[in-house]
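Notes follow once the structure below has been shown.
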Amino acid sequence: MILVMLGTQNNSFHRLLEEIDKLIEKKVIKEEVIVQAGYTKYLSNNMKIFTLIPQEKLEKYQEEANLIITHGGVGSIIGSIKKGKKVIAVPRLHKYGEHVNDHQKQIIESFDNNGYIIGIHDVSELGLAIERSKKFIPKEYKANNEKMLSIIEKFIDSIK
C-alpha cells in the first residue's frame, strides 16, 4: 500500500494527485493508494481519498505502507522516517498557489541530501522516484536535536 499525505495546508495540491492518478493508469503504481488530502479536493476511482484521517489511524496507515508520498512538510516527513519508511517528498510550490513561498524545496533538499528520503523537484519526476524507491534504503532517523536545529537555522538563514 502507498500512503499519500498532503498535510493540512489550506491550499490545494491537486497536481500531485493528478500525477499519481496518471501513474496508476499507466500501471507504474499497482498497489492500493490511500490519500490524506486535507484541503485538496480531488475525485478518483483509483485511490481511496480522505479529507482528514484521525492521528491514530494515520499512524496505522504509516506503519502498513510500503511507500509514503508526501508534501514537504517537516511533520509529515519526520513522522514517516521515524518509522523507517521509504518516503518520496514533493514540494508545494508558490507559483501554483500551493504555499506562501517555496521553503518546502529547501526542507526536502536537506532531508534528501542526508539520505533520509527521496526528494524530487516536480511531480513529473514521480514515476522515476517510485522506481528508485524499490532499491532505496533510507538512512535510519535518530532524533538529534542539535543537528536538526542546525538544519533549521541554515534554512532560516537562507531565506533571510
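Every number in this text was worked out from the coordinates using simple rules, so none of it is lab data. Small disclaimer: the values here were computed from a predicted structure and weren't measured. A quick note on method: Cβ atoms are made from the backbone with ideal geometry, for glycine too, and the neighbour counts reach across all protein chains shown.
Model label points for GLU18 and SER124, set 7 angstrom from Cα along the Cα-to-Cβ axis, are 1.3 nm apart.
List the relative contact order of region 27-124 as a percent without decimals, with contacts defined as Cα pairs under 8 Å and 6+ residues apart.
19 percent
Placing unit charges on the Cβ atoms only, positive for Lys and Arg and negative for Asp and Glu, gives region 1-45 a dipole magnitude near 80 debye about its Cα centre. The distance separating the Cα centre of region 28-86 from that of region 88-123 comes to 16 Å. For a modelled paramagnetic label at LYS83, 7 Å from Cα along Cα-to-Cβ, the residues of region 105-126 in reach, with backbone nitrogen under 17 Å, are 117-118.
Computed from point charges on the beta carbon alone (+1 for Lys and Arg, -1 for Asp and Glu), the dipole magnitude for the chain about its Cα centre is near 200 Debye.
What is the sum of charges around LYS57, taking Lys and Arg as +1, Asp and Glu as -1, for the other residues whose C-beta is under 13 Å from the C-beta of LYS57?
On the way: positive: LYS48, LYS60; negative: GLU56, GLU59, GLU63, GLU64.
Taking every Cβ under 13 Å from that of LYS57, the sum is -2.
Using a Förster distance of 22 Å, how high is the FRET efficiency between HIS94 and LYS48, based on the Cβ-Cβ distance and rounded to 0.05?
Details: r = 29 Å, r/R0 = 1.34.
Efficiency, rounded to the nearest 0.05: 0.15.
Taken along the Cα-to-beta-carbon direction at a fixed 7 Å, the label points for ASN11 and ASN101 span 1.2 nm.
Taking label points 7 Å from Cα along the Cα-to-Cβ direction, LYS135 and GLU31 give a separation of 1.8 nm.
When the C-alpha to C-alpha distance is required to be over 20 Å, the pairs from LYS26/LYS86; LYS57/LYS85; LYS86/LYS135; LYS30/LYS135; LYS105/LYS142; LYS85/LYS142 that qualify are LYS26/LYS86; LYS105/LYS142. The packing ranking, built from the mean of other Cβ atoms within 10 Å per residue, places the peptides 112-122, 70-80 in the order 70-80, 112-122, highest first.
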